[in-house]
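Scroll down for the structure; my scribbles are underneath it.
The values are calculated or read from the model by the stated rules, or taken from the named source; none is laboratory data. Predicted model only: the values in this text are computed from it and were never measured. As a convention, Cβ positions derive from the backbone with ideal geometry for all residues, glycine included, and neighbour counts pool all protein chains shown. Heavy atoms of the whole protein, side chains included, go into the accessibility calculation; ligands, DNA and RNA do not. Shrake-Rupley method; radii C 1.70, N 1.55, O 1.52, S 1.80 Å.
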Amino acid sequence: MIYSMTGYGKSVLQLPSKKVSIELKSLNSKSLDLNARMPSIYREKELAIRKLIANELVRGKIDFSIYVETTAEDTSTQINTPVVKQYIQQLKNVVDGSDIELLKMAVRFPDALNTVREEIDENEWQLIENEIHTAVTDLINHRLNEGKVLEQDFNMRVKSIDDLLEQVIIMDPERVEGVRERLLKGVEELKEKYDENRFEQELVYYIEKFDITEEKVRLKNHLNYFLETINSKESNGKKLGFISQEMGREINTIGSKSNYAPMQQLVVQMKDELEKIKEQLLNAL
């Protein structure tokens, strides 16, 4: 099967005093590139989160976010009453104003508000961690659906290359005979005497240099191996990339050896299909 590196996952947890939203976005990348954003209270759990995501998602440029929205009358910030009263008293010695106006000024001064550092509730964190797993699973399912589209495209293009290869195989005897006739015609136009046996030996040697039997066999094997890898249990985009490189080598060699315009046209079509495969492989996990 094939998994795409593109995906999106989300999960929302409603707690008594807050709503926690977890989001994951993934794009293609040669390795794992994880960017994590979360409230400071959860920073101590970041390494564990990174390990979880790395194990499950393996590769890709991944943005992970935790958003917290307070839904109850519960806040970690409190008014520092003694400090505010002292500020108001000092302000009365400086300016005239009502208590409300002085209070508005006082709360803007340093230390007027105290922020109490929250500690992680482990029971609450367990619930959040479960939702992270849910969001990761959601993203993996998205990747799988995207991968099915990639798989259909790969199968179609590999089939196209295979069909073009069959045309090359059918055309090959015609190509060899064409090369033979061109060489013979060229020699005859010289109007010089020559040793027919020696010429035939040289002709065989020359045609053997342009023999593409091995390339045809190897390309066929690479096409079959590509399909086998697609149908394996695990997604392996890097392995498919290596196989596509080998396919390209054989196609290029057939093109350079063909010395026959109709066959070179088929090779150009094979190269076009292979380039499209390589482009899509950049997004395969």
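Points to keep in mind about this one:
- Beyond 15 Å, the tail of the calculated P(r) for segment 93-155 holds 75 percent of the Cα pairs.
- When the chain is described by a simple charge dipole with +1 on each Lys and Arg Cβ and -1 on each Asp and Glu Cβ, the residue from 89, 169, 11 located farthest towards its positive end is 89.
- Loop-located GluC sites (Glu not before Pro) in segment 76-157, at most 12 other Cβ atoms within 10 Å (DSSP): 118, 119
- Rough spin-label spacing in nm, given labels placed 7 Å along Cα→Cβ, for residue 276 and residue 58: 2.6 nm
- Cβ-based net charge around residue 46, under 13 Å, with every Lys or Arg adding one and every Asp or Glu removing one: +3
- The dipole here belongs to the chain: it is taken about the Cα centre, uses +1 on the Cβ of Lys and Arg and -1 on the Cβ of Asp and Glu, and is about 560 debye.
- Efficiency of FRET between residue 239 and residue 113 - r from beta-carbon atoms, R0 41 angstrom, step 0.05: 0.10
- One decimal place: the segment residue 92-residue 35 gains 15.5 nm when fully extended, by the rule 0.36 nm per residue minus the C-alpha distance.
- Within-13-Å neighbourhood charge of residue 34 [Cβ basis; K, R +1; D, E -1]: +2
- Spin-label proximity, residue 181 to segment 257-276 - amide N less than 20 Å from point 7 Å beyond Cα toward beta carbon: 258-266
- Theoretical gain in end-to-end length, residue 101 to residue 174 [0.36 nm per residue, Cα-Cα removed]: 16.4 nm
- Angstrom value of the Kirkwood radius, inverse mean 1/r, which spans all Cα pairs in segment 202-285: 13.9 Å
- Put a dot 7 Å past the Cα of residue 232, heading toward its Cβ, do the same for residue 44, and the two dots end up 4.3 nm apart.
- Relative to the longest principal axis of the Cα atoms of the chain, the long axis of helix 261-281 makes an angle of roughly 20 degrees.
- Helix 237-258 vs. the chain, principal-axis angle (Cα, 0 to 90°, nearest 10): 30 degrees
- Largest first, the three principal axis extents of the alpha carbons in segment 1-159 are 89, 31, 24 Å in whole numbers.
- Nonlocal amide H pairs with residue 58, under 5 Å, H built at 1.01 Å: none
- The mean sequence separation of alpha-carbon pairs under 8 Å and at least six residues apart, normalised by the residue count of the chain, gives a relative contact order of 26 percent.
- 0 to 90° range, to nearest 10: angle between helix 122-189 axis and the chain longest Cα axis: 20 degrees
- The residues of the chain have, on average, 62 Å² of accessible surface per residue, using a 1.4 Å probe with all protein chains present.
- Candidate values (i) 201; (ii) 257; (iii) 129, label of the one derived for volume of the Cα convex hull per residue in Å³: (i)
- Spherically averaged projected area of segment 133-180 from its Cα convex hull (nm²): 4.1 nm²
- The chain - percent of accessible surface contributed by carbon and sulfur, probe 1.4 Å: 50 percent
- Ignoring lysines fewer than eight residues from residue 216 along the same chain, the ones with Cα atoms less than 27 angstrom from its Cα are 159, 238, 239, 257, 271, 276, 278.
- For segment 100-187, the dipole from Cβ point charges (+1 on Lys and Arg, -1 on Asp and Glu) about the Cα centre works out to 820 debye, to the nearest 20.
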